[in-house]
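Coordinate-derived values only; no laboratory data. In this text the structure is predicted, and so the values were computed from the model without any measurement. Quick reminder, even Gly has a Cβ in these numbers, built from the backbone with ideal geometry, and neighbours come from all protein chains shown.
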Amino acid sequence: MAMNAIESRRYADIVGPDLGDVISEDSVIVLPVGAIEQHGPHLPMSVDDVIATETTTEVMRRFGRDLDLWQLPTLSISKSNEHAWSPGTLWYSAETMMSMLRDIGRSISTTQADRLVLLNGHGGNTTLLNTALRELRLSYGLKTFLVHPSLPPAYGGVSTEDELGMGIHGGLNETSVFMHLRPDLVDLSRAERKVPEALAQNEHVKFGGSVSFGWLSNDFDRDGYIGDPTGANAERGAELFNHAVERIGEQMAEIRQFNFGR
């Protein structure tokens, strides 16, 4: 059996005939889900893809061998149509995205593993991925889970008080994490505060409020990012990244033992 796969924890490194000896019913398969979409003038389109991939890779390095985790190739393009107005953004329709997830689930179901984790780096995927969990459970009998490096504020996660809880895209925390991971690709000289102040006055209809609403990223500002990245720094990003990796490690430990309370 090739040891490179055991060390790398990359599913694609497994030698085909050895798969039955490597992947067992205790294995947890992890699919990083990123995106290639505009993040304003201060960040590249690769932000969500890089964060999803690097987070998963670090989780594998710290916890992969002990918890029998395996990293699938990142799904780099996903459902990013809230940024479809921006030329060059790559995105799948909901139908295409769901079909791809079904096909991946079907493929994993041919192995002995019965746990599939979607590690999502793009908030715009969250609703669809939650739907996919049940579809894959029903179709293939997999135990399915959704985790985030940082739960999006639009779905109950937290954002900074200065951003009024609405730093959801290209804001302080996301920019800081990316500065930690790819400092050479960040240009803070082009960053400005872009917080939808008027929404903060609402009790219900706002990001993280009790009423969801349909939106496109340029509904709030033509630059298409939402938050205040001006104070971002790599030190903050490193702290956020390491906290996310440790939290996901704890989540993976529970996922590996999860069995519907039986």
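Based on the alpha-carbon gyration tensor of the chain, what equivalent-ellipsoid semi-axes (square roots of 5 times the eigenvalues) come out, in whole Å, largest first?
On the way: eigenvalues 213, 79, 56 Å².
Each semi-axis is the square root of five times an eigenvalue, giving 33, 20, 17 Å.
Could you please report the charge total around residue 69, scoring K, R as +1 and D, E as -1 over all other residues with beta-carbon less than 12 angstrom from its beta-carbon?
Local charge sum for residue 69: +3.
Compute the Cα gyration tensor for segment 143-262, then decide on rounded, prolate or oblate, letting a ≥ b ≥ c be the square roots of its eigenvalues: rounded whenever a/c is under 1.5, prolate when a/b is larger than b/c in the other cases, and oblate in all that remain. Before the final figure, lay out each step's value.
Numbers: a/c = 2.53, a/b = 1.29, b/c = 1.97.
Oblate.
For the chain, the longest principal axis of the C-alpha atoms and the axis of helix 94-108 are separated by about 20°. In terms of other Cβ atoms within 10 Å, 11, 92, 225 run from fewest to most in the order 92, 11, 225. Classified by the C-alpha gyration tensor, segment 164-218 has a prolate form. Its axis ratio a/c, with a ≥ b ≥ c, is 1.5 or above, and a/b is larger than b/c.
Residues whose amide H comes within less than 5 Å of that of residue 10, counting only those at least five positions distant or on another chain, are 71 (H built at 1.01 Å from N in the peptide plane). Charged side chains reduced to their Cβ positions (Lys and Arg at +1, Asp and Glu at -1) give the chain a dipole of some 640 debye around its Cα centre. Here's the list of lysines a cross-link from residue 194 could span, going by alpha-carbon distance under 21 Å and ignoring same-chain residues fewer than 8 apart: 206. What FRET efficiency, computed as 1/(1 + (r/R0)^6) with R0 = 22 Å and r the Cβ-Cβ distance, is obtained for residue 218 and residue 238, rounded to the nearest 0.05? Between residue 218 and residue 238 the formula returns 0.10.
Relative contact order of the chain, please, whole-number percent, based on alpha carbon pairs below 8 angstrom and at least 6 residues apart.
Working: 500 pairs, mean separation 55.5, N = 262.
Normalised by residue count, the contact order of the chain is 21 percent.
With each label modelled as a point 7 angstrom along the Cα→C-beta vector, the residue 61-residue 205 pair spans 4.6 nm.
Ordering 252, 45 from the fewest to the most neighbouring beta carbons within 10 Å gives 45, 252.
Amide hydrogen proximity for residue 194: with H placed 1.01 Å from N in the peptide plane, the residues at 5 or more positions away or on another chain lying under 5 Å are 227, 228. Here the calculated FRET efficiency for residue 131 and residue 254, from their Cβ-Cβ distance with R0 = 25 Å, stands at 0.65, rounded to the nearest 0.05.
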